[in-house]
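What follows is a single structure, written as structure tokens, with notes after it.
The values are calculated or read from the model by the stated rules, or taken from the named source; none is laboratory data. Just so it is clear, the model here is predicted, and its values are computed rather than measured. Neighbour counts are summed over all protein chains in view; Cβ atoms, including those assigned to glycine, are modelled from backbone coordinates with ideal geometry. For accessibility, only protein heavy atoms count, side chains too; no ligands or nucleic acids. Shrake-Rupley method; radii C 1.70, N 1.55, O 1.52, S 1.80 Å.
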Amino acid sequence: MNTLDPSHPLSAGRTTSARLVRAYQGERQEVTPVWFMRQAGRSLPEYRELRVGTRMLDACLDPALASEITLQPVRRHKVDAGIFFSDIVIPLRLAGVEVDIVPGKGPVLGRPVRTADDVKRLTEIDPASLDAEVFAPIVEAVAITIAELDDTPLIGFAGAPFTLAAYLVEGGPSKDHIRARTLMHAEPEAWSELMAWTADVTGAFLRTQVLAGASAAQLFDSWAGALSLADYTEHVAPASTRALSHVRDLTYEVAAGDEAETRNVPIVHFGVGTGELLKAMHEVGADVVGVDYRIPLDEASRRLGHVVPLQGNIDPAMLDAPWSVLRTHVDDVLARGADAPAHVLNLGHGVPPETDPAVLTRLVDYVHAR
Ligand code: CP3
């Protein structure tokens with residue numbers, strides 16, 4: 001066990017009782033906490049203005065800029081959490097992997113990792129090289145951000161090994177991640193080396209954010225829905241457990257009468273199209289499961305034995321529908337979310353760039369006033 005610094009917002013009492021943190025820890029809140037995946041980004045005119053002339057990954061590594069972008073949606077929408085503005089490929093970039101984000105496309109690798117030899121070359125980079133000095137821009141950005149957020153929790157995040165490997169092997173975005181899934185079966189040993197390496201690199205990124213002041217951690221396995229349950233369990237889950245082991249040991253103490261109660265930093269695990277994988281994704285070491293919009297939350301809760309706090313799952317397509325249609329959908333999501341021990345309202349995937357931000361603000365007001 002590793003205790004957080006006494007000045008950490010969870011130890012110091014600033015975010016200890018925040019509705020988001022308590023809901024993640026399984027305590028149902030009178031007011032359902034709400035935030036949005038990709039709340040920071042292109043739906044906000046103030047974001048588009050700040051980003052002019054700066055490449056995505058450069059923006060992520062500029063502490064003042066990353067912090068300001070993280071804070072924009074919190075100020076505007078009054079959401080219950082900030083999510084750190086960064087990207088899942090940042091630890092790869094910091095490890096020295098040639099990667100960029102191409103606007104409108106996504107992460108693109110200079111040199112895809114297609115063969116066992118490629119894996120060998122990549123894994124020669126020691127994950128331990130990602131030390132405090134390399135991560136300094138992340139630590140600084142988190143520090144500036146939590147000072148401004150005060151008692152609003154910051155969520156740290158990282159990409160899960162499979163989603164990162166999908167980019168590493170394909171060399172860029174792909175539809176069904178065929179090359180990655182072929183490597184998994186054709187070269188199982190190289191695959192497992194690649195996954196273990198990726199787990200340590202992404203785990204170090206997540207741990208850095210939590211130690212620097214994030215009050216929760218979310219692992220994005222966005223593309224795990226491309227996998228069968230058998231492949232997920234055998235070839236992916238061990239690496240996700242390994243990634244989460246970098247933060248699983250982080251605890252803090254809360255006074256409870258004369259006693260002190262030890263709590264752990266809550267971990268959320270999210271994927272797209274992962275209805276068949278929910279239980280396996282919980283079992284890798286998550287506290288909360290994020291559900292996309294394809295299955296209702298009561299069904300997700302049933303699949304998880306009614307004991308796991310859930311996050312989700314407004315269909316992003318509804319954001320552009322008339323308010324009465326969206327409101328009915330939100331009421332339905334909240335009613336179904338009541339089946340889980342606790343619920344954090346979110347979208348079933350990220351905010352589409354064309355979304356009218358006023359809709360998001362209205363949605364937050366509506367949920368908070370219910
Ligand atoms: O507000 C937030 O949610 C925090 C910031 C955040 C970003 N990326 C910023 C970003 C988070 C949590 C991510 C995670 C991420 N990045 C994931 C997992 C979540 C998911 O969407 O499933 C994935 C798969 C990536 C990889 C990635 N980065 C993609 C597919 C893209 C989109 C490319 C495009 O231009 O459409 C990015 C770029 C990216 N990451 C943007 C933002 C705000 C847009 C870039 C821009 O504004 O120029």
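List of remarks:
- Principal semi-axes of the equivalent ellipsoid, √(5λ) from the alpha carbon gyration tensor of region 223-285, are 31, 12, 8 Å from largest down.
- Accessible area in square angstrom per residue, region 2-369, 1.4 angstrom probe: 39 Å²
- Other residues lying with their Cβ under 12 Å from the Cβ of His349 contribute a combined charge of 0, Lys and Arg counting +1, Asp and Glu -1.
- Helix content alone sets the calculated 222 nm mean residue ellipticity of the chain: runs of n ≥ 4 DSSP H residues at -39500 (n - 2.57) each, divided across all residues, give -13000 deg cm²/dmol.
- Here the accessible area is traced with a 1.4 Å probe on the protein chains. For the chain, carbon and sulfur cover 50 percent of it.
- Exposure here means at most 11 other Cβ atoms within 10 Å; with GluC sites (Glu not before Pro) in a DSSP loop as sites, the longest stretch of the chain lacking them is 134-353.
- Dipole magnitude of region 2-369, debye to nearest 20 (Cβ charges: Lys/Arg +1, Asp/Glu -1, about Cα centre): 720 debye
- Full-extension gain in nm, Arg48 to His306, via 0.36 nm per residue minus C-alpha separation: 88.8 nm
- Computed log₁₀ I(q)/I(0) - Debye formula, equal Cα scatterers, no solvent, region 15-102, q 0.17, 0.20, 0.22 Å⁻¹: -0.78, -0.95, -1.04
- Computed E for Lys78/Thr182 - FRET, C-beta separation, R0 51 angstrom, nearest 0.05: 0.65
- At 1.567 mPa s and 4 °C, Stokes diffusion of region 2-369 via Kirkwood alpha-carbon radius, µm² per second: 63 µm²/s
- Reachable lysines from Lys175, criterion Cα separation under 27 angstrom, eight or more residues apart if same chain: Lys105, Lys120, Lys279
- Between Ser17 and Thr3, the simple label model (points 7 Å from Cα in the Cβ direction) yields a spacing of 2.2 nm.
- Full-stretch length increase - Thr251, Ser174 - with 0.36 nm per residue and alpha-carbon distance subtracted: 23.9 nm
- Sequence-distant aspartates and glutamates (8 or more away, or on other chains) whose Cα lies within less than 14 Å of Lys78: Glu148, Asp150, Asp151, Asp365
- Per DSSP, loop trypsin sites (Lys or Arg not before Pro) in region 1-87 with at most 13 further Cβ within 10 Å: Arg55, Lys78
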